[in-house]
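As structure tokens, the structure follows; a few thoughts come after it.
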Amino acid sequence: MSNTNTTASDSSFESPPTATSLFENREFVLVSNREPYTHERDDGSITVVRPAGGLTSALDPMMASTGGTWVAWGSGGADDEASDENGCVRVPPESPSYELKRVSLTEEQVRNYYYGYSNKVLWPLCHSDTAKVTSDARFWRQYRETNRQFAAAVRERTDPSNAVIWFQDYHFALAPRYIRDQSPGAFCMQFWHIPWPSWDVFQSCPQYEELLDGLLANDLLGFHLDQYCQNFLDCVSHALDADVDRNRGRIDYDGRTVRVAAFPLGIDTAERRTLAEGKEAGEQWESLRKTYRIPDEGQLALGVDRLDYTKGIEQRLAALEHLWEWYPDCRERLTYVQKATESRSRIDEYQHLQANVGARVERINDRFGTETWQPVISINDHLPQSALAALYREADICLVSSLRDGMNLVAKEFVASQVADPGVLVLSELVGAHEELGESALTVHPNDTEAFAATVDQARMMEPEERSNRMRRLREQVETNDIEQWKRNVLREASDILHGC
Ligand code: GDG
């Protein structure tokens, strides 16, 4: 890991600081595209659903303890009915302690702001896949308009000059500017969950100047890795008239100073462990085995992804096909479970990916399957956490092969769930998590099919002692840098800036 000052220090505290203790009188406002709770109509009655998502479930307890407001797109079918005339509802449902303010989006906004600019422009751009970027003037127009609408929603709830406003992710590159221009005293911060590309890639986006200007309206901008910080600083120094201090992660721009720092996101390791050790995971495992006919015998390799082209699912299947072809003793001894959840299916690229993955799985199963054994088992349903925990716990090998990934929480979740016989993590060198876990995982390059296959074979044959040692080191890493540590580091940094330290 780089030791420049863009990597925020691991401050340790007597007791964990909370947003309330750090920001005193300022109201805390969180802004994200996804909401922590949706209301759905089910057989006539309204039910509350917690959309599964690592981040929303990690930030919900923080909001519950600080109070304040969470502003998000109201995407649930019965959200309007369950909210008051201002689009607000108090949550968590079991003991309400903060306000959820829902922003209603039209179908056109969903098409152009969400599927369009966010997921057909910024997503491929930030993953350095410029060939997949789709240009359409409507995308940008509605991205701007929707960012304005979110900024207005924040303003409806609070005076930004007396608030700390924390934006999550690439859906809101412009909203901080729309807040700042009207409320210079606001404290704005943002965490960018996906990679930040190099300048030559970022420059291919015609809106580069306005995007950077929007993000520089924050006081603090966080990325997972120092590398992404450096890329961002580089883009700013090329595109804007700004003073960039790369070593200290500071940008002087438009009469203000913006801090840019790395905060590698962690997971709730205690929760993952509890889930993996729980009785429910045991029951779920039995049920998964029966439903999907997962064999008792042999070893199990696992992949868990949203079906996204950045996750390298086709490359992983190519490596496995090579393995079963050239390492015949793996046949009937190593089964691969692909837990892939459909994602963004309104976008052509994602439909093609689903079709290609399906076709490849079918071909592999036709080539190597026998009457009693199926090499690849696809689980496309969204699973409850306890079922996911069962898969993580029972897997002998976890395959993470993204072509680019801001962090990748699956790698960390697998490690935290390895409560029984330790398995092996096979990790692409192109994911953010590789910086923390690469030393004790087995590293692969997703596009080097033969070497990837050989590494899976190495994982399969690894002696128990080496597996144990590697897993112990991985666990230490994941437990030390967990979600609490991440929140602490981000909030402490924000508080230092706010108090001029
Ligand atoms: C973005 C960045 C960054 C998956 N299937 C099920 C399920 N999941 C959960 C996993 C995990 C999450 O989805 C996927 O997280 P990732 O980190 O792998 O990826 P992205 O969704 O692309 O997230 C990424 C992340 O933001 C955070 O900053 O790490 O780089 O791309 O938590 O467990 N959960 C349940 N059932 C499933 O079937 N319950």
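The values are calculated or read from the model by the stated rules, or taken from the named source; none is laboratory data. This structure is a prediction, so every number in the text was calculated from the model and none was measured. FYI the Cβ positions are ideal-geometry reconstructions off the backbone, even for glycines, and counts take in every protein chain you see. All accessible areas refer to the heavy atoms of the entire protein, side chains included, with ligands and DNA or RNA removed. Shrake-Rupley method; radii C 1.70, N 1.55, O 1.52, S 1.80 Å.
See the values below:
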{"quantity": "Relative contact order, percent, the range 269-481 [alpha-carbon distance under 8 Å, six or more residues apart]", "calculated": "26"}
{"quantity": "Accessible heavy-atom area order of HIS434, HIS127, highest first, probe of 1.4 Å", "calculated": "HIS434, HIS127"}
{"quantity": "Between 0 and 90°, nearest 10: helix 313-326 axis offset from the chain longest Cα axis", "calculated": "20"}
{"quantity": "Relative contact order (%) - the range 194-328, alpha-carbon pairs under 8 angstrom, separation at least six", "calculated": "18"}
{"quantity": "Residue among ILE379, ILE347, LEU307 farthest towards the positive dipole end of the range 269-481, charges placed on Cβ", "calculated": "ILE347"}
{"quantity": "Accessible-area value, VAL48, 1.4 Å probe, nucleic acids and ligands omitted, Å²", "calculated": "70"}
{"quantity": "Top positive-direction residue, dipole computed over the chain with Cβ charges, set PHE150, CYS330, ASN231", "calculated": "PHE150"}
{"quantity": "Sum of -39500 (n - 2.57) over DSSP H runs of 4+, divided by residues of the chain (222 nm, nearest 500)", "calculated": "-12500 deg cm²/dmol"}
{"quantity": "Whether the range 269-481 is rounded, prolate or oblate, judged on the alpha carbon gyration tensor where a/c under 1.5 counts as rounded", "calculated": "rounded"}
{"quantity": "Helix axis angle, 279-292 relative to the chain longest principal axis, alpha carbon, degrees", "calculated": "60"}
{"quantity": "Reach of LYS132 by Cα under 29 Å, taken over lysines that are not fewer than 8 positions away in the same chain", "calculated": "LYS120, LYS311, LYS339, LYS412"}
{"quantity": "Signed unit charges on C-beta, dipole axis of the chain, positive-most listed residue THR455, PRO96, ALA420", "calculated": "PRO96"}
{"quantity": "Share of carbon and sulfur in the accessible heavy-atom surface of the chain [1.4 Å probe, %]", "calculated": "42"}
{"quantity": "Cα-based helix-to-principal-axis angle, 137-157 vs the chain, degrees rounded to 10", "calculated": "60"}
{"quantity": "Probe 1.4 Å, all protein chains present, accessible-area order of LYS120, LYS290, largest first", "calculated": "LYS290, LYS120"}
{"quantity": "Over the chain: Kirkwood hydrodynamic radius from C-alpha pairwise inverse distances, Å", "calculated": "23.7"}
{"quantity": "The range 366-443, relative contact order [Cα under 8 Å, separation at least 6], %", "calculated": "27"}
{"quantity": "Loop trypsin sites (Lys or Arg not before Pro), the range 143-179, which have at most 14 other Cβ atoms in a 10 Å radius of their Cβ (DSSP)", "calculated": "none"}
{"quantity": "Nearest-20 debye value, the chain charge dipole, Cβ charges on Lys, Arg, Asp, Glu", "calculated": "380"}
{"quantity": "Residue-normalised accessible area of the chain, given per residue in Å² at a 1.4 Å probe", "calculated": "41"}
{"quantity": "Per-pair calculated FRET efficiency, R0 = 25 Å: ALA359 and VAL110 via Cβ, rounded to 0.05", "calculated": "0.25"}
{"quantity": "Rounded to the nearest 20 debye, dipole of the range 269-481 from Cβ charges on Lys, Arg, Asp, Glu", "calculated": "360"}
{"quantity": "Order of exposure, largest accessible area first, which applies to ARG393, ARG331 with probe 1.4 Å", "calculated": "ARG331, ARG393"}
